[in-house]
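**Student:** Next up is a structure, given as C-alpha cells.
The values are calculated or read from the model by the stated rules, or taken from the named source; none is laboratory data. This one's a predicted model, so the numbers in the text were calculated from it and none came from an experiment. Reconstructed Cβ throughout: ideal geometry from the backbone, glycine too, with neighbour counts over all protein chains shown. These accessible areas exclude ligands, DNA and RNA; they are computed on the full protein's heavy atoms, side chains included. Shrake-Rupley method; radii C 1.70, N 1.55, O 1.52, S 1.80 Å.
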Amino acid sequence: RIFFLPQIIRVHAARGDKEKTRSALAEALQSYPLEQRAKLQKSMESMICCSEHDLAGFLKAADDDPGPPSFELALLRGKLEDASELAKQAVRDAEIFHALLYLEAKRSGAKELAATHWQTLLASLAKGPREERLLGDILAGRKTLAQHPAERLLLATRAKRVLLAVLAERYPEQAKATLALARTLDFHRDTISLCLRKVLETNNERPGQP
C-alpha cells in the first residue's frame, strides 16, 4: 500500500476529499524516517496543490521552500522572459513549453514574444516524429483540421492537451470542440496542468490567428 500512497493522495485531492487526502498524507509520512519527513511533506503538499488545481497554494509552497528555477514556476508567476530562457534550455517538454509561452504571450499582449515562440514551436514540431510534423503542417496552414481532426492526432496526452490549445487558437471556428478535448485530456493534474489552466483563462474567449 505504501507504494501506491502518492497516487491515492492524488485521487483524493482531485476529488476534493480533503479529509482522506490528509489522512493518506499522514500515512505516507509515517513510513519515512523522521528526518526525511519535512522535505517529503513539502513535496507532497505541492503535488496536492496540483491535484486540487490550487495555484495560490502551489506558489506559496514554492515560496516557502525555494528550489532551482523551473519553467512552470516562471510562467505561473508571469515572468515570461525568465520562462523563455528556461524553455530554450529544455530538452524534454520543449514543445510544451514553447506552446504554453505562445499562448501566455498572446494572452498578455506580448506580440513579439508570441511570434518568437510560435516560430520556435513550428520548427520544433517539424523535427519531430510523423504526428508532430503533421500537427505542424496543420498549424502552419499547409494541411487542414477538417482533413485531420484533432481527436485523431496520435500524440502523447501530456503534450496533446497543450498543443490542442494552440490548435484552437489557430482554428477559432472549431475552438469550442478542440478545447473541450484538451480539457478532457488534462487529467495528469501536474505543473503543466496548472500552466495550461492559466493560459486558457482568457484565451478561450478570444481565439484568433497567430
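**Student:** I'd like the full set of residues that are closer than 23 Å to ALA74 by Cβ, at pLDDT 95 or above and not aliphatic (A, V, I, L, M), limited to region 170-197.
**Tutor:** Within region 170-197, ASP186, ASP190, THR191, SER193, CYS195, ARG197 meet the criteria.
**Student:** Looking at LEU179, is it within 24 Å of PHE71 (Cα to Cα), of a type in the set (A, V, I, L, M, F, W, C) and either assigned to a helix (DSSP H, G or I) or open to solvent by less than 40 Å² (accessible area, probe 1.4 Å) (or both)?
**Tutor:** For LEU179, the condition - within 24 Å of PHE71 (Cα to Cα), of a type in the set (A, V, I, L, M, F, W, C) and either assigned to a helix (DSSP H, G or I) or open to solvent by less than 40 Å² (accessible area, probe 1.4 Å) (or both) - is met.
**Student:** Next question. Inspect region 107-114 for any residue being in contact (Cβ under 8 Å) with a residue 60 or more places away in the chain and within 30 Å of MET47 (Cα to Cα) and give the result as yes or no.
**Tutor:** Among the residues of region 107-114, at least one is in contact (Cβ under 8 Å) with a residue 60 or more places away in the chain and within 30 Å of MET47 (Cα to Cα), which makes the answer yes.
**Student:** Out of all the residues in region 14-23, is one or more hydroxyl-bearing (Ser, Thr, Tyr), surrounded by 18 or more Cβ atoms within 10 Å (Cβ to Cβ) and over 29 Å from LEU179 (Cα atoms)?
**Tutor:** Yes, there is a match, as at least one residue in region 14-23 is hydroxyl-bearing (Ser, Thr, Tyr), surrounded by 18 or more Cβ atoms within 10 Å (Cβ to Cβ) and over 29 Å from LEU179 (Cα atoms).
**Student:** A follow-up question, please. Taking region 156-176, which residues are open to solvent by 30 Å² or more (accessible area, probe 1.4 Å) and of a type in the set (A, V, I, L, M, F, W, C)?
**Tutor:** Here is the first cut: in region 156-176, the residues open to solvent by 30 Å² or more (accessible area, probe 1.4 Å) are 156-158, 170, 172-174, 176.
Scanning region 156-176 gives a single hit, ALA156.
**Student:** Which condition number does ARG92 fail, the rest of (1) loosely packed, with under 14 Cβ neighbours inside 10 Å; (2) at pLDDT 95 or above; (3) of a type in the set (Lys, Arg) being met?
**Tutor:** If we test ARG92 against (1) loosely packed, with under 14 Cβ neighbours inside 10 Å; (2) at pLDDT 95 or above; (3) of a type in the set (Lys, Arg), just (2) comes out false.
**Student:** Is it the case that region 85-97 has a residue that's in contact (Cβ under 8 Å) with a residue 60 or more places away in the chain and touching a Lys or Arg at 6+ places or on another chain (Cβ under 6 Å)?
**Tutor:** Looking through region 85-97, none of the residues is in contact (Cβ under 8 Å) with a residue 60 or more places away in the chain and touching a Lys or Arg at 6+ places or on another chain (Cβ under 6 Å).
**Student:** Criterion first (polar (S, T, N, Q), farther than 23 Å from ARG161 by Cα, free of Cβ contacts under 8 Å to residues at least 40 places away in the same chain and surrounded by 13 or more Cβ atoms within 10 Å (Cβ to Cβ)) does GLN41 satisfy it?
**Tutor:** Judged against the criteria, GLN41 is a match.
**Student:** Out of LYS176, LYS111, report the one residue that is of a type in the set (D, E, K, R) and over 30 Å from ARG10 (Cβ atoms).
**Tutor:** LYS111
**Student:** Looking only at region 138-154, count how many residues are crowded, with 16+ Cβ neighbours inside 10 Å and either in contact with a Pro (Cβ under 9 Å, 6 or more places away or on another chain) or more than 20 Å from LYS176 (Cβ to Cβ) (or both).
**Tutor:** To start, the set of residues in region 138-154 that are crowded, with 16+ Cβ neighbours inside 10 Å comprises 138-139, 145, 150, 153.
Subsequent filtering for residues that are either in contact with a Pro (Cβ under 9 Å, 6 or more places away or on another chain) or more than 20 Å from LYS176 (Cβ to Cβ) (or both) retains 139.
Here the count works out to 1.
**Student:** Filtering region 103-137 down to residues that are hydroxyl-bearing (Ser, Thr, Tyr) and surrounded by fewer than 20 Cβ atoms within 10 Å (Cβ to Cβ), which residue is nearest to LEU200 (Cα to Cα)? Steps first, please.
**Tutor:** Quick first cut of region 103-137, residues hydroxyl-bearing (Ser, Thr, Tyr) only: 108, 116, 120, 124.
Filter once more, keeping what is surrounded by fewer than 20 Cβ atoms within 10 Å (Cβ to Cβ): 108, 116, 124.
Working: SER108: 11, THR116: 19, SER124: 22 Å.
The selected residue is SER108.
**Student:** What number of residues within region 44-89 are over 24 Å from GLY109 (Cβ atoms) and exposed (fewer than 15 other Cβ atoms within 10 Å of the Cβ)?
**Tutor:** The number of residues fulfilling the criteria is 10.
**Student:** A further question follows. Output the residues belonging to region 69-93 that are assigned to a helix (DSSP H, G or I) and not small (Gly, Ala, Ser).
**Tutor:** PHE71, GLU72, LEU73, LEU75, LEU76, LEU80, GLU81, ASP82, GLU85, LEU86, LYS88, GLN89
**Student:** For region 182-193, indicate whether the set of residues that are in a loop (DSSP other than H, G, I, E, B), within 30 Å of ARG15 (Cβ to Cβ) and acidic (Asp, Glu) is non-empty.
**Tutor:** Looking through region 182-193, at least one residue is in a loop (DSSP other than H, G, I, E, B), within 30 Å of ARG15 (Cβ to Cβ) and acidic (Asp, Glu).
**Student:** Please count how many residues of region 1-13 are open to solvent by 60 Å² or more (accessible area, probe 1.4 Å) and either touching a His at 6+ places or on another chain (Cβ under 9 Å) or not aromatic (Phe, Trp, Tyr) (or both).
**Tutor:** Number satisfying all stated conditions: 4.
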